[in-house]
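Report on one structure; see the data block that follows.
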Amino acid sequence: MMKAKVSSRERAGFFTYAFAILMVMAALGPFVYVVLTALKSPEQIYNAEEIIPSYITFSNFTGVLTRSLFVRYFLNSVYITLVTMSISMVMAVLAAYGFTRYHIFGANTMKTTILMTRMFPGILLCLPFYIIMKNLGLIDSHLGLILMYLSFTLPFAIWNLCAFFAQMPWELEEAAMIDGCARFSAFFRVMIHVAKPGLFVTALFSFMNNWDEYMYAMIFINTTEKKTIQVGMKDFIGQYTTDWGMLMAAVTLSLIPVFIFFAVVQKHLMTGLTTGAVKG
């Protein structure tokens, strides 16, 4: 009986690890293909038998950085993403603090309404956004794009942080106030440190949503120098041909900020995800 139990556990463990390996391969496969293609010469790219390059060339990367507006697009995306993420995090922290720390009449209804704004598909909001931005004179501007990004980044950030703040030990804030701290001083000096995992998780999702956004940037930005990196990659796709080497090099370079940001927050990522999943 014991051997049967051990055997079934071993089989379950084997299938679990096998499934995990398959999932990792499925996730990393496209990225590996992109990097390998970026390191190939044009002859190697169009040789179907040469999956792994016989020799490595960085000409695609140098071409992207020197013969295109990739650097301009990259800086535009960094600016828009960081500004949007910073504003959404500050506003979300204050809103979540108010919703969870004080007994506000209709707080649950307001939180539900905030979450419902995430249920509308982005394409449905294009026409209202266009009318509003045109009346404000913000078409083809980074400010207009930031405001639109805030409209779908901020609701998620507020909802997500409310889940974290609802589980925070507010006794720590009260103890700090007894020791002489003002309420906001106690919150920013003590409670923000406790909520750090949740803040990092929310910041990561906010960063990813803003960095990867394509539709609004394509519709509302017309000036070439103002394009974001996602829209700017279309420069490598012509009417009759595509420069696959430079396109894959641009994709590889565009992933660097994502990996850097993930490396910074990964220490707090699992703690934040498990904590936020307990209570909404």
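Quick note: the coordinates plus some simple rules give every number you see, no bench work behind them. Nothing here was measured: the structure is a model prediction, and the numbers come from that model. Cβ placement follows ideal geometry from the backbone for every residue including glycine, while neighbour counts extend to all protein chains displayed.
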Around Met110: net Lys/Arg minus Asp/Glu count, Cβ-Cβ under 15 Å:
+3
By its C-alpha gyration tensor, with a ≥ b ≥ c as the square roots of the eigenvalues, how is region 23-127 shaped: rounded for a/c under 1.5, else prolate for a/b larger than b/c, else oblate?
prolate
Most to least packed among 53-62, 84-93 [average Cβ atoms within 10 Å]
84-93, 53-62
Cut-off 15 Å between beta-carbons: net charge of the residues surrounding Thr37, Lys and Arg +1, Asp and Glu -1:
-3
Are there DSSP H segments in the chain that both extend 30 Å or more along their axis (alpha-carbon positions) and score a mean Kyte-Doolittle hydropathy of at least 1.0? List them, or say none.
2-38, 70-101, 142-165
Placing unit charges on C-beta atoms (Lys and Arg positive, Asp and Glu negative, everything else neutral), compute the dipole magnitude of the chain about its Cα centre in debye, rounded to 20.
640 debye
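Just to confirm a number: summing +1 for Lys and Arg and -1 for Asp and Glu over residues other than Arg101 whose beta-carbon lies under 10 angstrom from that of Arg101, what do you get?
Net charge around Arg101: 0.
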What's the ranking of 18-27, 171-180 by average number of surrounding C-beta atoms within 10 Å, highest first?
171-180, 18-27
Scoring the chain by relative contact order with C-alpha pairs under 8 Å, at least six apart, yields a percentage of 30 percent
Given 252-264, 112-124, the highest-first ranking by average Cβ count within 10 Å works out to 252-264, 112-124
Lys/Arg Cβ at +1, Asp/Glu Cβ at -1, dipole of the chain taken about the Cα centre: which of Met133, Ala26, Leu247 is farthest positive-ward?
Ala26
Is there a pair in Lys111/Lys227; Lys111/Lys196; Lys196/Lys226; Lys111/Lys134 whose C-alpha atoms are over 28 Å apart, and which pairs would that be?
Lys111/Lys227; Lys196/Lys226; Lys111/Lys134
